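The values are calculated or read from the model by the stated rules, or taken from the named source; none is laboratory data. Quick caveat, the model's predicted, so the values are computed rather than measured. Virtual Cβ from ideal backbone geometry, glycine too; neighbours counted across all protein chains shown. What goes into the accessible areas is simple: the full protein's heavy atoms, side chains included, and nothing from ligands, DNA or RNA. Shrake-Rupley method; radii C 1.70, N 1.55, O 1.52, S 1.80 Å.
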Amino acid sequence: MRFWAVIVGLFFLAAADLLQAGALAAGGNRVALVIGNSKYVYAPALPNPAGDARLMADVLRKAGFNVIEGVDLDYAGMRDRLNKFTEASYDADTALIYYAGHGMQVNGKNYLIPIDAELTAPAHLRTRTIQMDELLAALPPDPAVGIVILDACRDNPLARTLAAALPKSRSTTAPGLAPIDVSSAEVGSGGVLIAFATDPGSVSYDGNGANSPYTMSLAKHLAEPGVEIQSALTRVRGEVTAETDGRQRPWHNASLGREVFIGPQAPPPAAAAPQPSATETPAEPPNSDARGWEIEQRVWDEASKRNTLAHYEAYLQQFPNGAFADLARLNINQLKKPPITVGNTPAADAKTEADAARSAAAATEPPAAAASPETDAGTELTESAIGLDRQARIDLQERLLAIGYDLAEADGDFGSKTRQAIGRWQEENRLPATTYLTQKQYARLKLDTDDALKSYRAQKASEAEAKKQESATSQKTQKPQPVVRAKPRREQQREAANPRPARKSKPAQRKSGYRTCSGIDGTFEVPASQRCPLSGYAHY
């Protein structure tokens with residue numbers, strides 16, 4: 001009996017080993033690199049990235065990933081972790097990179113910033129940051145799946161410092177990160193997915209808790225059982241957009257060749273419920289039903305793609321309490337708002353139309369919502385979200401100069417004088433004088449200064465033309481001085497070797513009372529009153 005008991009025990013152990021090996025094979029070799037940088041040396045510390053990185057590392061470990069983790073890494077530390085990830089993920093089936101911290105874009109290229117980076121010269125982009133291209137190069141080749149998730153779109157003071165050192169032809173163009181094009185040529189049985197915490201060129205928010213809104217939602221949905229990664233990211237987008245009232249909209253771009261599940265795939269569907277009789281009313285399927293969710297997902301994807309009132313209302317009609325219901329209502333409210341006319345329309349007409357639109361909106365809104373968004377207090381984040389590049393900043397400074405505010409010059413650098421001018425403009429218009437603009441305040445400032453800006457630029461052009469003509473006139477009146485050129489060296493040497501004989505001095509001039517005559521024996525003088533004799537001799 002003991003012999004057979006041992007045999008049976010060995011059989012069950014072998015079966016357990018086979019089941020475990022099968023589970024690992026199903027999950028595949030999955031590697032993740034997770035980095036969160038909070039304690040920056042040359043920029044204000046960020047409250048959430050370190051905690052965000054720890055939360056994501058925990059989620060991915062539970063999902064079966066081999067996690068290479070780093071918190072508050074300097075340049076050497078980030079490069080060391082990236083090298084380890086490159087080696088560990090080379091033969092992986094799925095490789096994922098998550099980064100939270102400061103990032104920036106310069107000329108359409110993205111850079112991730114270590115905590116010790118001081119960016120005061122253009123060369124520092126190459127020697128003190130990690131380029132986005134390096135992260136993409138670290139992903140394993142096809143048929144593996146590569147995933148990059150970036151919560152690095154925060155307002156970045158290092159970008160402003162670097163922009164001041166860059167030449168005008170090569171400056172930071174906008175806050176946040178630039179979009180990354182995932183080429184369709186890379187689509188195979190694997191592919192690549194890039195996810196951002198917010199739309200390209202926009203700024204994300206840290207939130208009030210221990211984690212950012214994006215990472216909290218990501219941790220909730222990314223490894224959800226039975227949810228494919230793109231569906232999970234769509235849920236994240238809806239949740240974060242609703243939580244931030246539309247100020248932050250997560251975004252992703254993918255060229256995946258197959259469905260990818262970070263968490264476990266859904267279990268097989270349960271047995272079909274018995275069909276109700278003809279007299280019974282069919283029960284409403286629960287929201288958690290897999291097929292019901294798939295239909296809702298497709299309807300929402302179509303509505304968000306079309307981005308029209310009709311499509312959002314159709315979604316709400318079918319799913320009034322759906323997962324994206326709050327986001328659909330928010331988008332409907334945004335689409336119903338009248339656009340602000342700025343551009344080729346004359347300033348007076350544009351202002352009249354904008355005032356009429358605001359009056360109509362105020363009449364239709366309930367009293368609690370009648371307050372104008374222009375009265376919202378501006379912050380550094382709200383101004384960064386506008387996305388002012390260097391030329392737009394110069395344009396804004398020229399508008400302030402045109403309406404009489406004292407600025408040194410319109411150079412695109414928002415120094416103390418520019419901030420004071422913005423604050424005084426806000427005070428005069430009964431707005432919170434924070435010295436930072438909101439999107440609505442910026443639009444109002446442009447509308448109110450269009451006419452003044454045209455006059456200002458016309459005056460500047462006239463002054464420049466007058467100065468040009470004055471300069472041309474002064475150049476004509478000045479006679480060019482003769483240019484004395486030195487003799488060639490060879491000619492100087494020749495003259496030194498063969499000096500010219502000195503010129504003979506002319507004989508001294510005689511007095512005006514005598515005349516010089518020539519004769520046989522030479523020259524002689526006679527009084528000027530007499531003539532020289534014909535024979536050559538003088539007769540006395």
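Collect the residues in region 214-239 that are over 16 Å from Val59 (Cα atoms), of a type outside the set (S, T, N, Q) and open to solvent by less than 30 Å² (accessible area, probe 1.4 Å), keeping them in residue-number order. I'd like the intermediate steps shown before the answer.
Step one: of region 214-239, the residues over 16 Å from Val59 (Cα atoms) are 230-231, 234-235, 237-239.
Among the residues that remain, those that are also of a type outside the set (S, T, N, Q) are: 235, 237-239.
Gly238 - this is the single residue of region 214-239 that is over 16 Å from Val59 (Cα atoms), of a type outside the set (S, T, N, Q) and open to solvent by less than 30 Å² (accessible area, probe 1.4 Å).
Does region 27-51 hold any residues that are in contact with a Gly (Cβ under 9 Å, 6 or more places away or on another chain) and closer than 22 Å to Gln131 by Cβ, and which are they? Lay out the reasoning, then the answer.
Initial filter on region 27-51 (in contact with a Gly (Cβ under 9 Å, 6 or more places away or on another chain)): 27-28, 30, 33-38, 40, 46-51.
Answer for region 27-51, where residues must be in contact with a Gly (Cβ under 9 Å, 6 or more places away or on another chain) and closer than 22 Å to Gln131 by Cβ: Leu33, Val34, Ile35, Gly36, Asn37, Ser38, Tyr40, Leu46, Pro49.
Using the structure shown, decide if Asp80 is closer than 23 Å to Ala32 by Cα and either basic (Lys, Arg) or modelled with pLDDT of 85 or more (or both).
Details: closer than 23 Å to Ala32 by Cα: yes; either basic (Lys, Arg) or modelled with pLDDT of 85 or more (or both): yes.
So Asp80 fits the description; yes.
Among the residues of region 381-433, count how many are among the hydrophobic types (A, V, I, L, M, F, W, C) and part of a loop (DSSP other than H, G, I, E, B).
At the first step, the residues of region 381-433 found to be among the hydrophobic types (A, V, I, L, M, F, W, C) are 381, 385-386, 388, 392, 394, 396, 400-403, 407-408, 410, 414, 421-422, 425, 431, 433.
Retained after the next criterion (residues that are part of a loop (DSSP other than H, G, I, E, B)): 388, 403, 407-408, 410, 414, 431, 433.
Within region 381-433, residues that are among the hydrophobic types (A, V, I, L, M, F, W, C) and part of a loop (DSSP other than H, G, I, E, B) number 8.
State yes or no: is Arg457 touching a residue at least 40 places away in the same chain (Cβ under 8 Å), within 30 Å of Gly246 (Cα to Cα), open to solvent by 20 Å² or more (accessible area, probe 1.4 Å) and not in a loop (DSSP other than H, G, I, E, B)?
No: the conditions fail for Arg457.
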